[in-house]
Amino acid sequence: MGGLLLRTLDAAHTPVGEEWSLEYVRVLGDRPCPLDLTRRDITIEASAIPDDQDEYPQRPSLSSGYRLHGADGEPWGHCRDLGQVPREFFEPAEPPVRLLGCSPHGSLRDVLEAGDEDLGHAQVLRLNWVGWTVGTVLEGEITAWIPFAHGRCLVDLTHDTWSRRLPRAAREAWDVSWRERQSEPNSWARCSPQGREFWLDRAQERTNQYGSDEAPGSTYHLDGRHVTDAPAFHCALGEAVNGPGGYFGHDLSEVVGCLRGGYGAEPPFTLVWHDADVARACLGVSPCRDRRPPTFEELLVFLADHGVDVRLA
């Protein structure tokens with residue numbers, strides 16, 4: 001969802017007090033409100049801005065609730081109250097990971113040979129077919145080891161992971177990176193919608209390589225043959241602006257941030273959308289539990305409102 005802004009309302013539905021800003025908002029689930037079946041209780045995960053603001057704004061006496069806005073100020077609705085879920089309820093301890101058949105080198109081999117109890121910090125990296133790093137899988141501490149049962153000079157390591165576990169869709173995105181070079185256009189199209197979302201996350205990590213923006217007035221070509229869902233649109237848009245594997249936002253609020261500069265393109269510019277009929281037929285029509293993705297027509301309006309001249313081809 002990107003960003004979310006909450007305004008506390010008084011009894012007359014007038015905003016009072018300071019805004020409460022959230023970023024990296026993700027919907028975890030929803031259910032009918034037991035007190036009013038015409039409404040729904042929605043659980044989200046987000047980071048407060050600033051990040052040291054731990055407490056949410058308490059609902060004052062006689063308040064009518066909170067007004068919700070998107071990161072760009074668009075109205076998203078109203079909620080009657082907030083409740084913060086304690087962290088221990090939604091972040092259960094993850095079991096450690098066993099790394100089988102490892103060949104220790106460098107400082108790890110030294111501490112194993114010395115018998116040290118502190119085995120140190122370790123990252124597990126995913127490599128592609130030529131041995132290049134395509135992403136971080138796990139990060140944490142090595143807490144134990146035993147000899148590997150099926151090979152000499154190899155060990156099994158116990159990795160106590162503190163980083164967030166990656167989704168199952170990560171594997172299919174990385175399998176594409178293994179088979180194909182990052183310079184191949186439309187490689188993301190082999191992934192499912194969930195795999196494409198992970199592809200966008202990895203593309204975002206590489207945004208520091210784009211250098212200075214192209215001058216305003218430039219023209220970019222979007223290959224629309226595979227734009228069948230919202231993640232596909234953002235993969236294709238990133239590729240149109242910054243080439244294969246490129247990034248230009250993973251949702252509309254992030255696209256707004258990219259349009260402010262530093263991501264390869266600066267408005268106004270022209271976007272030639274090839275095979276646009278694919279997106280016209282597919283976008284915004286898939287059923288979903290959470291907020292509906294934008295339709296093709298809504299994307300055109302959004303881009304036009306932000307200085308992008310779209311030419312359908």
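General observations
Condition check ((1) surrounded by 15 or more Cβ atoms within 10 Å (Cβ to Cβ); (2) touching a Gly at 6+ places or on another chain (Cβ under 7 Å); (3) modelled with pLDDT under 90; (4) farther than 23 Å from GLU94 by Cβ) across all residues:
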site	(1), (2), (3), (4)
VAL111	yes, yes, no, yes
LEU127	no, no, yes, yes
LEU138	yes, no, yes, no
LEU154	no, yes, no, yes
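- Within the span defined as region 259-268, every residue fails to be within 26 Å of VAL27 (Cα to Cα), at pLDDT below 95, of a type in the set (A, V, I, L, M, F, W, C) and in a loop (DSSP other than H, G, I, E, B).
- The sole residue among THR43, THR8 that is touching a residue at least 40 places away in the same chain (Cβ under 8 Å), within 24 Å of GLU254 (Cα to Cα) and part of a strand (DSSP E or B) is THR43.
- Per-region count, region 209-236, residues assigned to a helix (DSSP H, G or I) and within 17 Å of the chain's Cα centre (by Cα): 7
- Of all residues in region 54-69 being exposed (fewer than 14 other Cβ atoms within 10 Å of the Cβ) and on the phi < 0 side of the Ramachandran plot, the one that is modelled with the lowest pLDDT: ASP54
- Some residue of region 297-304 being under 28 Å from TRP76 (Cβ atoms), touching a residue at least 60 places away in the same chain (Cβ under 8 Å) and among the charged types (D, E, K, R): no
- Residue within region 130-145 that is touching a helix residue (DSSP H, G or I) at 6+ places or on another chain (Cβ under 8 Å) and farther than 29 Å from ALA203 by Cα present: yes
- Residues located in region 170-198, provided they are modelled with pLDDT under 80 and among the hydrophobic types (A, V, I, L, M, F, W, C): TRP174, VAL176, TRP178
The values are calculated or read from the model by the stated rules, or taken from the named source; none is laboratory data. In this text the structure is predicted, and so the values were computed from the model without any measurement. Methodologically, a virtual Cβ is constructed for each residue, glycine included, from the backbone with ideal geometry; neighbour enumeration extends over all protein chains shown.
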